[in-house]
1. Would you please give the FRET efficiency between residue 120 and residue 45, computed as 1/(1 + (r/R0)^6) with r the Cβ-Cβ distance and R0 = 30 Å, to the nearest 0.05?
2. For the chain, calculate the relative contact order in percent as a whole number, restricting contacts to Cα pairs under 8 Å that are 6 or more residues apart.
3. Could you tell me the center-to-center distance, by alpha carbons, between the stretch 389-432 and the stretch 664-718 in angstrom?
4. At 7 Å along the Cα-to-beta-carbon direction for both residue 618 and residue 297, put a label point, then send me their distance in nm to one decimal.
5. Give the percent of DSSP beta bridges with both residues in the stretch 101-259 that are antiparallel, rounded to the nearest 5.
6. Efficiency by 1/(1 + (r/R0)^6): what FRET value for residue 336 and residue 487, r their Cβ-Cβ distance, R0 = 25 Å, to the nearest 0.05?
7. With the Cα gyration tensor of the stretch 498-551 giving a ≥ b ≥ c as the square roots of its eigenvalues, does the rule (a/c under 1.5 for rounded; else a/b larger than b/c for prolate; else oblate) give rounded, prolate or oblate?
8. Using a simple charge model, +1 on the beta-carbon of Lys and Arg, -1 on the beta-carbon of Asp and Glu, nothing else, what dipole does the stretch 156-252 show about its Cα centre, in debye to the nearest 20?
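The values are calculated or read from the model by the stated rules, or taken from the named source; none is laboratory data. Quantities reported herein were computed from a predicted structural model and do not represent experimental measurements. Note that we place each Cβ from the backbone using ideal geometry, even for glycine, and neighbour counts take in every protein chain shown. The accessibility values were calculated without ligands, DNA or RNA, using every heavy atom of the protein model including side chains. Shrake-Rupley method; radii C 1.70, N 1.55, O 1.52, S 1.80 Å.
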Amino acid sequence: MRTHPPAARATLATPSKSLRALLVVLVTATVALPMALFVPSAQAAPNPAPRIIPALQGWEGTEGSFVLSPEARIAVDAGVREVGEQFATDLADVTGAELEVVEGAPLSGDFVLRLDPALVNAAGGERFAEEGYTLEATTTNLVITAPSTQGVFYGTRTALQGIVQTPGRGSFPAGETADWPDYEVRGFSLDVGRRFFSAEFIRDYITMMSWYKLNEFQIHLNDNEIFKPSGGWKDAYAGFRLKSENPEFAGLASVDGSYDRADWQSFEDAAASHAVRIIPEIDVPAHSLALINWKPELGLNSGIVGGVPSIQSDHLDLTPANRAHTTDVIKSVFDEFIPWFEGSDVHFGADEYPKEFADGYRTFFNDMAAHVRSHGKQPRAWGSMKWMHGSAEGYDHDVTVNAWSNDWYEMPAAVRDGYKFINTNDATLYVVPFANYYHGNGLPNQQLYNNWYPNRLVNSAPVEPGAPAGAMFAVWNDLVNAEYTELGVHGLVRDSFPVIAQKSWRADVPTLSYADFAAVRDQVGGGPGLTHINQEGANATPGELTTDATVTASGSDSGHPASALLDGLPYTRWQVAADDASFTIDLGARRAVGRVAVEWAQPLPTQFTVELSDDGTEWHTAAAAVAGTKSEVLLPDEAARYVRVSASGDGSVGAWSAKVFAPVPLSLGATVTASGQETADFPPQLAVDGDLTTRWSANSVAEPWIQLDMGAPKTFDH
């Protein structure tokens with residue numbers, strides 16, 4: 001495919017030629033640059049809103065900052081002591097500062113967490129009462145107040161994200177906000193029935209979701225292959241992931257992975273300390289092969305033939321002759337496991353059952369809804385009423401439904417029938433990892449960020465804003481025989497969590513471009529406290545040379561090695577107890593270098609220098625800075641293999657990350673025109689915005705082209 005208009009072909013230059021309109025997407029040059037510091041522009045007063053994910057509902061900035069001091073404490077009301085302890089743990093991970101949690105009157109310099117059930121906000125209404133908070137930062141204190149413990153917790157997430165983005169992770173801009181979610185449900189559903197996910201993974205996901213103020217984690221606990229294998233259903237893969245010690249349920253749990261009572265309690269404990277509600281789902285009467293394998297007589301057209309179990313389907317038998325027995329056995333399964341579940345809601349599945357047994361299905365649906373309520377839980381189900389009966393007439397309406405399919409049960413039908421419902425639309429919000437359907441490579445995050453809301457599909461709004469209770473995206477592991485890991489799934493969906501959070505917490509047009517949003521996302525990371533999914537670092541920055549580099553240091557403290565500088569993880573750091581220390585980055589080969597960026601840890605160094613070398617023996621100083629807050633330096637026009645950074649401090653030197661970059665591309669920010677664009681979401685300018693997560697996409701023409709105008713003649717070499 002050509003990348004330039006046919007009429008302009010002859011204007012392409014060879015290296016070292018000069019021209020104004022350059023017809024390629026990335027053009028770089030090793031032009032001479034003066035030795036200089038990259039100095040951020042002076043902050044205006046009043047302070048602009050801190051960049052938080054999801055964005056704050058409002059902000060009134062003042063001047064100055066709340067500065068985190070070594071003497072600071074976390075002063076809490078008695079009712080939010082546990083929130084304060086979690087905040088202290090996370091603050092230590094994020095900043096390295098270990099603060100005491102105290103009850104009683106605050107002192108100057110303290111964080112303050114207050115629980116005030118009488119606090120109201122007219123604009124936030126019920127949502128503010130249940131999950132909202134206020135945050136006021138002054139030069140003396142940072143105060144979070146909320147009518148609920150959940151709101152106080154969310155306020156601490158805002159404080160932590162704001163602090164992470166300040167120099168040295170040591171302050172929060174002065175100002176105040178009243179913040180709350182626009183939608184009640186902001187969630188994610190994970191199919192562990194067809195692919196087991198470790199307990200460590202589940203706990204990490206609960207923690208990570210809370211970082212973005214997502215509040216519901218639905219765990220789909222049983223399922224099976226969706227297409228019958230050639231050998232029949234007896235050969236199909238099936239999983240049931242809860243393991244009871246009760247001998248009546250022997251043989252039900254999967255041998256290739258399940259959660260015992262202790263595992264599940266660890267999930268509930270993590271959820272309770274992170275303001276997340278677990279929605280356990282035992283899926284019946286379809287997707288029930290694991291239950292039929294356990295008791296073959298439960299299966300539709302099953303039973304014992306010649307003394308051998310005959311498994312003819314993955315559907316429970318709801319025919320009139322057997323429905324009562326089937327229902328009683330399934331109720332006993334729910335009786336066994338509901339006591340494990342501490343949340344308010346329990347999901348009983350109820351999707352994709354054969355239409356020819358619709359009346360038996362409806363009776364079962366109503367029986368199971370009533371049974372879940374008898375345990376003091378709110379029942380949930382996948383909406384199927386439109387497909388089964390054409391309407392919800394005769395169905396229990398005191399059920400929260402997932403509006404997941406325009407054929408089975410869509411959002412307008414739920415509005416018409418008066419159900420409380422959640423937008424889980426399959427065409428918009430489903431991921432089937434590595435499949436050729438349902439977003440096998442992950443959701444189109446940029447498109448969702450620009451166009452989607454909980455009341456919408458991607459390109460249409462079938463119901464009014466506020467009609468759904470909220471939204472939930474989902475991972476379905478249909479490909480039971482494919483080879484991929486839980487971390488492979490995480491790689492597909494990691495960047496979707498902040499997008500869904502943003503558009504369901506503050507459901508209006510984002511103030512940040514997607515490129516800027518992605519930059520904030522990468523800076524704040526997935527949150528502190530992760531032990532498993534943090535094996536995968538942040539997205540690489542364009543021009544970064546250190547993704548495959550190695551690093552050594554003059555010394556390091558236990559638990560804070562030099563390798564933390566390059567691991568891509570926002571909450572690991574290098575630290576050494578010394579007045580003077582250095583680290584050396586080996587790029588692996590001689591490379592053109594343009595700048596060095598170091599995120600220093602507290603206490604900030606008083607000065608640092610950057611030296612370059614081709615062999616690691618002979619060094620020369622390329623740049624120097626006299627203040628630790630100046631974390632980026634531009635380098636002169638030269639190449640090197642080794643980059644050494646030396647810093648002076650007061651008893652300790654440390655840094656969260658260090659990166660070396662190639663010279664800035666000449667094409668960054670150029671004016672771009674093109675033959676056309678596929679949709680409004682993919683304009684040509686995204687080809688030169690410096691963000692690897694955004695792109696230009698051409699319209700359907702025979703010879704699409706893109707053209708850059710850099711504004712003046714530039715010398716380039718590649």
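1. Numbers: r = 30 Å, r/R0 = 1.01.
E(calc), rounded to 0.05, equals 0.50.
2. Values: 1650 pairs, mean separation 115.0, N = 718.
Relative CO of the chain lands at 16 percent.
3. The distance from the Cα centre of the stretch 389-432 to that of the stretch 664-718 comes to 42 Å.
4. 8.9
5. Working: 12 of 23 bridges.
Taking every DSSP beta bridge within the stretch 101-259, about 50 percent pair in antiparallel fashion.
6. Taking R0 as 25 Å, the efficiency between residue 336 and residue 487 is 0.20.
7. Numbers: a/c = 4.00, a/b = 1.57, b/c = 2.55.
Oblate is the answer for the stretch 498-551, as a/c is 1.5 or above yet b/c matches or exceeds a/b.
8. Dipole of the stretch 156-252, to the nearest 20 debye: 280 debye.
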